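Read through the structure below, which is laid out as structure tokens, and then see the notes.
The values are calculated or read from the model by the stated rules, or taken from the named source; none is laboratory data. Remember, it's a predicted structure, so these values are computed and weren't measured experimentally. Counting neighbours? That spans all protein chains shown, and the Cβs are built from the backbone with ideal geometry, glycine included. Protein only, heavy atoms only, side chains kept; ligands, DNA and RNA dropped before computing areas. Shrake-Rupley method; radii C 1.70, N 1.55, O 1.52, S 1.80 Å.
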Amino acid sequence: MATAKETPDVIGKQRNLRIPWNIEPQLREEQVATEVADGVYQLCSTMTNMYLIEDDDGLTLVDAGVPAQMELLEAGLERIGAELTDIKAVILTHVDPDHIGLAEPLRKAGIPVWLPEEGYETAKAGLGRPPLAPFFFMWRPAYARFIRALMQAGMTDAEPIAEARTFTDGQVLDVPGQPEVIATPGHRKEHCSFWLPERRILFAGDALITMDIMSGKAVAPEPVRGGNLFNYDKDQQMESARKLGALGNLTLLPGHVQPWEGDLGALYPSAD
């Protein structure tokens, strides 16, 4: 691929990507293909992350954000001297609407989409109206502004995914980077994380994030708050956190806001 070029100033012009004012400043930062680990680039706006894994075979896009992030993806590709055709796969940690926004448009462009087997029917049928339970927390100002920002960025307009390849726990995907699938249910039944063992990089999706979405404060990696009103199963969330803790020292790339480096086992020791 070509060497990195200056990034066009397009992100700040996107009217849909306004950031809540009462979120901690460092969490509001937008990233346009910032290299956050060896050969891994973060694309972040509206506090929602996509990542590009680069190797000799091309690029893999990890999670697909919200519809308004297409400009962010295009700007990121330009920055690293790549094109849309360099993306050989889109892999999804789960099928929440803020993680699949670009999946169907990219599939239509000829890029295969991979997602957890248990989420396939939901993704294909379309997500429909969002459940009411998450809106019970709208009285919290930071949370309300976070959700509004996602909705303004088209979260509820995510298209159903007409066709996808599926994967299961333990599978090593035949895509650039060769990520290993780790089933991490809890936030959603189908949730999976992706592990690059040689680089010790973990794409945690929403299994562990580095923001308390209720207060807008930065935190050490933790499961999404909100209990069973916001998640599929809060007990499974903690089981999955301990499962990831067994990986030890790593670079954790969450589905929302900033990466983290450290010993995950110190935060989530084994229950044995």
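Expressed as a whole percent, the accessible area of the chain that falls on carbon and sulfur atoms is 48 (1.4 Å probe). In a fully extended conformation the segment linking residue 38 and residue 168 would gain 44.2 nm over its present Cα-Cα distance, using 0.36 nm per residue.
In this simple spin-label model, placing a label point 7 Å from the Cα along the Cα-to-Cβ direction at both residue 220 and residue 121 gives a separation of 4.0 nm. When the chain is modelled as a GNM with alpha-carbon springs shorter than 10 Å, which of 56, 86, 157 fluctuates the most? Looking only at 56, 86, 157, the biggest GNM fluctuation is shown by 56. On full extension, the segment bounded by residue 84 and residue 178 gains 31.9 nm, given 0.36 nm per residue less the C-alpha separation.
In this Cβ point-charge picture (+1 for Lys and Arg, -1 for Asp and Glu), the chain has a dipole of about 1100 debye about its Cα centre.
Taking a ≥ b ≥ c as the square roots of the eigenvalues of the Cα gyration tensor, the chain is classed as rounded, since a/c falls below 1.5.
Accessible surface computed residue by residue for the chain, with neighbouring protein chains in place and a 1.4 Å probe, gives 44 Å² per residue. The overall shape of region 225-272, judged from the alpha-carbon gyration tensor, is oblate: a/c is not under 1.5, and a/b is no greater than b/c.
Each of 144, 168, 196 was scored by the projection of its Cα onto the charge dipole of region 139-219, and the greatest displacement toward the positive side belongs to 144; charges sit on the C-beta of Lys, Arg, Asp and Glu. Rounded to the nearest 10 square angstrom, residue 261 shows an accessible area of 130 square angstrom against a 1.4 Å probe.
For region 65-155, the Cβ-based charge dipole about the Cα centre amounts to some 380 debye (Lys, Arg positive; Asp, Glu negative; other atoms uncharged). Look at the alpha carbon pairs under 8 Å that are at least 6 residues apart: their mean separation over the length of the chain gives a relative contact order of 17 percent. Rolled with a 1.4 Å probe across the full set of protein chains, the surface gives residue 189 an accessible area near 100 Å². Packing order of peptides 36-42, 112-118, highest average first: 112-118, 36-42 (average count of other Cβ atoms within 10 Å over each peptide's residues). Distances between placed amide hydrogens fall under 5 Å for residue 167 paired with 115, 117, all partners being 5 or more residues away or on another chain.
Less than 5 angstrom separates the built amide H of residue 34 from those of 42, all sequence-distant by 5 or more or on a different chain.
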